[in-house]
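See structure below.
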Amino acid sequence: MNTTPINSTIVSQKIKESGIKEVGKASIREIKRLVDQIEKATGEKFIRMEMGIPGLPPNTFGVETQIEALENGVAAIYPDIQGIAPLKTEISTFVKNFLNVDVNPEGCLPTVGSMQGSFASFLALSRIYKERNTTLFIDPGFPVHKMQHKVLNLNYETFDVYNYRGEALREKLESYFSKGHIHSVIYSNPNNPSWICFTENELKIIGDLANKYDVVVMEDLAYFAMDFRKDYSQPGKAPFQPSVAQYTDNYILFISSSKAFSYAGERIGMMVISDGLFQRKFENLLNFYVTDGFGYSMVFGTIYPLSSGTSHSAQYGLYGILKAANEGKFNFVEEVKIYGRKAKVMKQLFTDNGFEIVYDKDENEPIADGFYFTFSYPGMSGVELLNELVYYGISAISLAITGSERIEGIRACTSLVKESQFGDLEYRLKAFHQHHNG
Ligand SMILES: Cc1ncc(COP(=O)(O)O)c(C=O)c1O
């Protein structure tokens, strides 16, 4: 029997104690707990790639502005449900500066994380048409969005975009849209978990078909401007973060502050509704809300009963961040480029040791190095691979829970891995390859 980098007796014992039948099938949180326990018992540090959490200090512009707001007493006062006026204006300016898109501040809404923005949107969009009852997921995707559908008892359909890149995406989307039951479509770009980024050509296909079939596009920009192959960091200057908003006026954007601004703890994100959609009236909304106006129903019929708006001081924090970015005082992209630099080295270590990158191309171009990447090992399923990798001090999650059909695939998150651990990672991957190669 081979000696594994982490004491195999302890690993097996901890797996048994955890009650987890197969590590490869466990949820992110279960894996986290198991690895915490193995680390404690062995004194060894894992290469932890299971959780998609930011690994950087919080944004200082945010913290300072938020503290000032708290000292000024905002904690005692309910914020406006639609968001405080200065923040709404700053979001609108941000969207103009970094996406080159015009949106009235009215449709720029702070939400309790981007998570609440999607929850509220799923709820409202499921009610716009009597005869349409389904959301389409362009997968792989963020598992919590599906969980939100389950909690809300909403229908969804999904397909893995792996085989439908470029022109092939048109026919695939049309095969769903043409049936007449889809009210909206969602994807993340850059994509969690695969880090693929749609090309302009693909975004145009999505936008054109949204226009043709009158489907609302929810574009999740949780990793805003983090495709580091291009520099999207300069306010008001091209290139801009690519977006479907260039091709349709039928959209909602979710812009998280968690990763791009390292502000996950304050649970504040942005929901940006196009002017056209915000003003639009849908007769079916009258069955649920006091008006048929989409924007009004979103603010006063959906966000209001969910949380009565978003933390007052966090709104000031986000305002401080956006103002600094808009004025060119804070290059938020530079701050997070470290994730890309780490991914480049880590991907190389994996491929040097017999692993393969699963989602590896955007049409003809190699994918960017960023927050996540996906990998596999020949001859093993993702579940088998994860089961084994714990003995080598490496933890990650299976792509199976993300709507991916690539059952061999694993998602790795770069954020928590320290550069000082690269030596350990190399040693462990080499050992794995030696033990499994033929
Ligand atoms: C694709 C995607 N969407 C949304 C979120 C949630 O963002 P927030 O922290 O703003 O709620 C995440 C966080 O991991 C994500 O990866």
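The values are calculated or read from the model by the stated rules, or taken from the named source; none is laboratory data. Keep in mind the model is a prediction, meaning the values are calculated, not measured. With ideal geometry, Cβ positions are generated from the backbone for all residues, glycine too; neighbour counts draw on all protein chains shown.
Looking only at the range 356-384, which residues are assigned to a strand (DSSP E or B) and touching a strand residue (DSSP E or B) at 6+ places or on another chain (Cβ under 7 Å)?
Passing the criteria: 356, 357, 372, 373, 374, 375, 376.
Checking residue 142 against (1) closer than 23 Å to residue 101 by Cβ; (2) crowded, with 24+ Cβ neighbours inside 10 Å; (3) touching a Phe, Trp or Tyr at 6+ places or on another chain (Cβ under 6 Å), only one condition comes out false. Which one?
Against the list (1) closer than 23 Å to residue 101 by Cβ; (2) crowded, with 24+ Cβ neighbours inside 10 Å; (3) touching a Phe, Trp or Tyr at 6+ places or on another chain (Cβ under 6 Å), residue 142 comes up short only on (3).
Hey, any hits in the range 267-289 for a residue that's of a type in the set (D, E, K, R), modelled with pLDDT under 95, touching a helix residue (DSSP H, G or I) at 6+ places or on another chain (Cβ under 9 Å) and closer than 30 Å to residue 316 by Cβ?
No: zero hits.
Here is a yes/no grid of residues against (1) of a type in the set (D, E, K, R); (2) surrounded by 15 or more Cβ atoms within 10 Å (Cβ to Cβ):
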position	(1), (2)
137	no, yes
179	yes, no
198	no, yes
202	yes, yes
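Pick from the range 12-34 the residues that are of a type in the set (Val, Ile, Thr) and surrounded by fewer than 22 Cβ atoms within 10 Å (Cβ to Cβ): which of them is farthest from the chain's Cα centre (by Cα)?
Selected residue: 15.
Name every residue in the range 110-134 that is touching a helix residue (DSSP H, G or I) at 6+ places or on another chain (Cβ under 8 Å), more than 16 Å from the ligand (Cβ to nearest atom) and not hydrophobic (A, V, I, L, M, F, W, C), in order of residue number.
Passing the criteria: 126, 127, 129, 130.
Residue 244: over 12 Å from the mean Cα position of the chain (by Cα) and touching a residue at least 40 places away in the same chain (Cβ under 8 Å), yes or no?
Yes, satisfied.
Go through (1) without any contact (Cβ under 8 Å) to a residue 24 or more places away in the chain; (2) under 27 Å from the mean Cα position of the chain (by Cα) for residue 281 and report which single condition fails.
Single failed check for residue 281: (2).
Just wondering, is there one or more residues in the range 89-107 that are within 19 Å of residue 303 (Cβ to Cβ), assigned by TED's automatic domain parsing to the domain that holds residue 242, free of Cβ contacts under 8 Å to residues at least 40 places away in the same chain and small (Gly, Ala, Ser)?
For the range 89-107, residues within 19 Å of residue 303 (Cβ to Cβ), assigned by TED's automatic domain parsing to the domain that holds residue 242, free of Cβ contacts under 8 Å to residues at least 40 places away in the same chain and small (Gly, Ala, Ser): present.
Show the residue pairs meeting these rules: Cβ distance below 9 Å; 6+ apart or different chains; first residue within the range 132-153 and over 11 Å from residue 176 (Cβ atoms) and among the aliphatic types (A, V, I, L, M); second residue outside any helix (DSSP H, G or I) and away from the ligand (no atom under 11 Å from the Cβ).
From residues that are over 11 Å from residue 176 (Cβ atoms) and among the aliphatic types (A, V, I, L, M), the pairs are 152/126.
Looking at the range 38-45, can you tell me whether even one residue there is of a type outside the set (A, V, I, L, M), surrounded by 15 or more Cβ atoms within 10 Å (Cβ to Cβ) and without any contact (Cβ under 8 Å) to a residue 12 or more places away in the chain?
yes
Select from the range 197-216 the residues that are more than 16 Å from the ligand (Cβ to nearest atom) and in a loop (DSSP other than H, G, I, E, B) and list them in ascending order.
Answer for the range 197-216, where residues must be more than 16 Å from the ligand (Cβ to nearest atom) and in a loop (DSSP other than H, G, I, E, B): 199, 214, 215.
Quick one: which residue in 298, 271 is among the hydrophobic types (A, V, I, L, M, F, W, C) and more than 16 Å from the ligand (Cβ to nearest atom)?
It is 298.
I'd like to check something: does the range 340-348 contain any residue that is free of Cβ contacts under 8 Å to residues at least 12 places away in the same chain and not in a loop (DSSP other than H, G, I, E, B)?
Yes: the range 340-348 contains one or more residues that are free of Cβ contacts under 8 Å to residues at least 12 places away in the same chain and not in a loop (DSSP other than H, G, I, E, B).
Which one of these is surrounded by 23 or more Cβ atoms within 10 Å (Cβ to Cβ), more than 15 Å from the ligand (Cβ to nearest atom) and touching a residue at least 60 places away in the same chain (Cβ under 8 Å): 184, 233, 194, 256?
Answer to the selection: 184.
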